[in-house]
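The values are calculated or read from the model by the stated rules, or taken from the named source; none is laboratory data. This one's a predicted model, so the numbers in the text were calculated from it and none came from an experiment. Glycine also receives a Cβ, built like all others from the backbone with ideal geometry; neighbour counts cover every protein chain displayed.
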Amino acid sequence: MENFDNLTPELIEKFQDPTWGASQLQKIVLFKCFDNETLREIYKLGTVNLIKKSAHAVIEGEPSRGIYLILHGTLSVFKTDPVANRSHRLATLEAGDSFGELSLFDQAPRSATVVADIASYLFQLESEKFEDFLSQIGDSQTAIFYKTCAISMSERFRALNSDYITSQQLLWKYALRKEDADTA
C-alpha cells in the first residue's frame, strides 16, 4: 500500500486495515463467494494507489493487468467511437465501484479508458497474483468462484439483451415517426 498524499490519518489507517479492505472487496460481485478471512488475504495481495485528477487509471487498448476497486474518489469511463474517433463518457464510478473484472479471466486489451475526475484512491489486484492465490486455496473454492463469475456474466448478458431490445424498439419507433413526418 502506498502514496497517501492529502489523506486524513483516519483514511490512511482504513486503507491499511485488511478487515476494512475485506468489507470493501465484498462489494465486488465476483468476490461475494469468499468469506471474510479469504477477502482479508486477497486485500493483502493488492496495492492502494493514488490516481491524480485527470490521470488515466487504465487506457483503452492497453494490456489488462488486473481489477480495480475505488476506495475514495470519482472516475469516468470513456469509450472511443472508432468511426468518429471521439471518446464518449459511458459512466461515472464512485467509491465502492469496480472495473477491470474481465482481466481476471483473459489478457485481452482494455475495452475502455478510465480517468480520475478528482484525486482518487484505487485498490488494484493484479490478475497474476489472483491466479496464484486461486491455485493455493483449493479446487472447491476456485470452482465456487468461477460459478459465481458465470452467474454474474449470465445476468449481465440478460440485462444487455433486454437493453438491446428496448433500444431497437425505440429506434424503430423514432424512425417510423420521422418517416410519417417526412411523408406528411
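Please verify whether I151 is assigned to a helix (DSSP H, G or I), closer than 12 Å to L30 by Cα and modelled with pLDDT of 90 or more, treating the condition exactly as stated.
Details: assigned to a helix (DSSP H, G or I): yes; closer than 12 Å to L30 by Cα: yes; modelled with pLDDT of 90 or more: no.
Here the answer is no, as I151 does not meet what is asked.
So in the range 79-121, with the set limited to residues that are closer than 27 Å to L11 by Cβ and aromatic (F, W, Y), which one is surrounded by the most Cβ atoms within 10 Å (Cβ to Cβ)? Filtering the range 79-121 for residues that are closer than 27 Å to L11 by Cβ and aromatic (F, W, Y), the one surrounded by the most Cβ atoms within 10 Å (Cβ to Cβ) comes out as Y121.
Only a single item in (1) in the same structural domain as Q26 (by TED's automatic domain parsing); (2) surrounded by 13 or more Cβ atoms within 10 Å (Cβ to Cβ); (3) more than 28 Å from E10 (Cβ to Cβ) is not met by T142, and it is number (1). Looking at the range 69-82, can you tell me whether even one residue there is under 21 Å from T19 (Cα atoms), within 13 Å of the chain's Cα centre (by Cα), polar (S, T, N, Q) and not assigned by TED's automatic domain parsing to the domain that holds M153? No, the conditions are met nowhere in the range 69-82.
Go through the range 161-184 and give me each residue that's surrounded by 10 or more Cβ atoms within 10 Å (Cβ to Cβ), among the aliphatic types (A, V, I, L, M) and modelled with pLDDT under 80. Don't jump to the end; show me each part of the working.
Of all residues in the range 161-184, those surrounded by 10 or more Cβ atoms within 10 Å (Cβ to Cβ) come to 161-179.
Within this subset, residues satisfying the condition of being among the aliphatic types (A, V, I, L, M) are 165, 170-171, 175-176.
A175, L176, listed by residue number.
Going through the range 37-50 one residue at a time, which ones are over 20 Å from E128 (Cα atoms) and at pLDDT 95 or above? Passing the criteria: only E37. Among the conditions (1) at negative phi; (2) out of contact with any Lys or Arg (no Cβ under 8 Å at 6 or more places or on another chain), S54 misses just one, which is (1).
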